[in-house]
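Beneath this line is the structure, given in structure tokens, with notes to follow.
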Amino acid sequence: MEVSLHRLKLLRELRYRGTVTAVADALHYSASAVSQQLSLLEREAETPLFERHGRRISLTEAGMVLADHSESILDAVESAGNAIESLRGASSATLRAGVWASVATGLLPTGLAILERRAPGVSVRSVELAPEAGSDAVRDGSLDLSFVIDYSNYAMPRIRTLERQTIAVERMYVAAPAGAAGPDPIDLAGLAADAWILSDSRSHFGRAVRLACREAGFEPDVRHVVGEQSTALALVAAGQGVTLVSDLGGMTPPPGAELTPLAGRFERNLSIAYRTRDSDRSSLQAFIDAMAEAAVEVGLRAPGGQRPGT
């Protein structure tokens, strides 16, 4: 049996994600293109791999067996590539990195400049995605690494095959209309009567803030549910309510919005997630070291108050 590695990857994705549409969205293909490639894989395997139920498909026993083997096959190919990269050192390598908006604007440019000076042969291709999606994309091989966050009251679920290296701790701030708050740190309980602007409760940030508010004794009155921090800050500037922002998210508040430190210990760790088997990749460690140095350079607190790399 001769099968395409690319089609094996699609099969692995189908098992993880459950539907052809989800695979297509994750890998930026059309659903029809994914279906066509899976049909070709079935022809290469010379046995039924899928059971079709209207527009949905599921794996047959043979499909599950091949999906199991696809893990070890694709892992072996990646390991061979990593071994060759190790022979070259970090002189030539490409990393695929997951970021979100505040990381892309507040940290990534400084970090990439440091990386270019330290390891000019390392090329980085970044893709913006929701913080909640980064770990899964690294696990299934779509990305080599991704920035991830853990709030002090709500950590992201851990994935057994991934490692995380914390590069910074972000403090939290209250974003309020100009003149609505003084310079002194504000207790979360003092915002119980305010209108709030927050992301959806299914998002990691939205859930963490709601949990923090409940711990402070109130349920936030969320008037506007928005996905982007820049949108939330624009609504704050227009006098529509308050929100919380982190160090990176609050670097450039719009006119009319003022930031005041949040009292208490609600904060978040900024980490980089990568596959455990990639721990020895010199290009990966060069990227992590550059981003840790950049975090301190832009004003973030190093984990444990330590310098980057210690």
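The values are calculated or read from the model by the stated rules, or taken from the named source; none is laboratory data. Only a predicted model underlies this, so the values are computations on that prediction, with no experimental measurement involved. Glycine gets a Cβ as well: all are built from the backbone with ideal geometry, and neighbour counts include every protein chain shown. All accessible areas refer to the heavy atoms of the entire protein, side chains included, with ligands and DNA or RNA removed. Shrake-Rupley method; radii C 1.70, N 1.55, O 1.52, S 1.80 Å.
In region 244-285, which trypsin sites (Lys or Arg not before Pro) are in a loop and have at most 16 other Cβ atoms within 10 Å, using DSSP for the loop call?
Listed in order of number, the matching sites are 265.
Would you please give the residues with an amide H less than 5 Å from that of residue 196, counting only those at least 5 places away or on a separate chain, with H modeled from the backbone geometry?
Close amide H contacts, sequence-distant or interchain: 221, 222, 223, 224, 242.
Quantify, in whole percent, the carbon and sulfur part of the accessible surface of region 1-90 (1.4 Å probe; protein heavy atoms only).
Ligands and nucleic acids excluded, carbon and sulfur give 54 percent.
Residues of region 123-166 with the amide nitrogen closer than 12 Å to a label point 7 Å from the Cα of residue 79, along Cα-to-Cβ, please.
It comes to no residues whatsoever.
So if R0 is 35 Å, what FRET efficiency would residue 265 and residue 60 give, r being the distance between their Cβ atoms, rounded to the nearest 0.05?
0.10
Once R0 is set to 35 Å, what does the formula 1/(1 + (r/R0)^6) return for the Cβ-Cβ distance between residue 47 and residue 202, expressed as a FRET efficiency to the nearest 0.05?
Efficiency computed from Cβ-Cβ geometry: 0.30.
For the residue pair residue 224 and residue 27, what label-to-label distance in nm results when each label sits 7 Å from Cα along the Cα-to-beta-carbon direction?
4.0 nm
Which one of 211, 244, 233 has the biggest mean-square fluctuation once the chain is modelled by GNM with Cα springs under 10 Å?
Its mean-square fluctuation being the largest, the pick is 211.
How far apart, in nm, are two points set 7 Å out from the Cα along the Cα-to-Cβ line at residue 158 and at residue 1?
Label at residue 158, label at residue 1, 3.5 nm between them.
For the chain, what does the accessible surface come to per residue with a 1.4 Å probe? Please give it in Å².
Heavy-atom accessible area per residue stands at 48 Å².
Cβ under 14 Å from residue 131's Cβ, residue 131 left aside: what net charge do those residues give with Lys, Arg +1 and Asp, Glu -1?
Result for the local shell: -3.
In region 115-195, what percent of the accessible surface is made up of carbon and sulfur (1.4 Å probe, ligands and nucleic acids excluded)?
47 percent
What's the carbon and sulfur percent of region 203-310's accessible surface, probe 1.4 angstrom, rounded to a whole number?
Answer for region 203-310 is 47 percent, counting heavy atoms of protein chains only.
From the list (1) 40, 25, 15; (2) 51, 37, 18; (3) 43, 25, 17, can you say which value of semi-axes √(5λ) of the Cα gyration tensor in Å was derived from the structure given?
Comparing each candidate, only (1) matches the computed number.
Helix 108-118 sits at what angle to the longest principal axis of the chain, using alpha carbons and giving 0 to 90 degrees rounded to 10?
Around 60 degrees separate the two axes.
What are the chymotrypsin sites (Phe, Trp or Tyr not before Pro) within region 202-266 that DSSP puts in a loop, where the Cβ has at most 16 other Cβ atoms within 10 Å?
218
Rounded to the nearest 500, what is the 222 nm mean residue ellipticity of the chain from helices alone, with -39500 (n - 2.57) per DSSP H run of 4+ residues and division by all residues?
-12500 deg cm²/dmol
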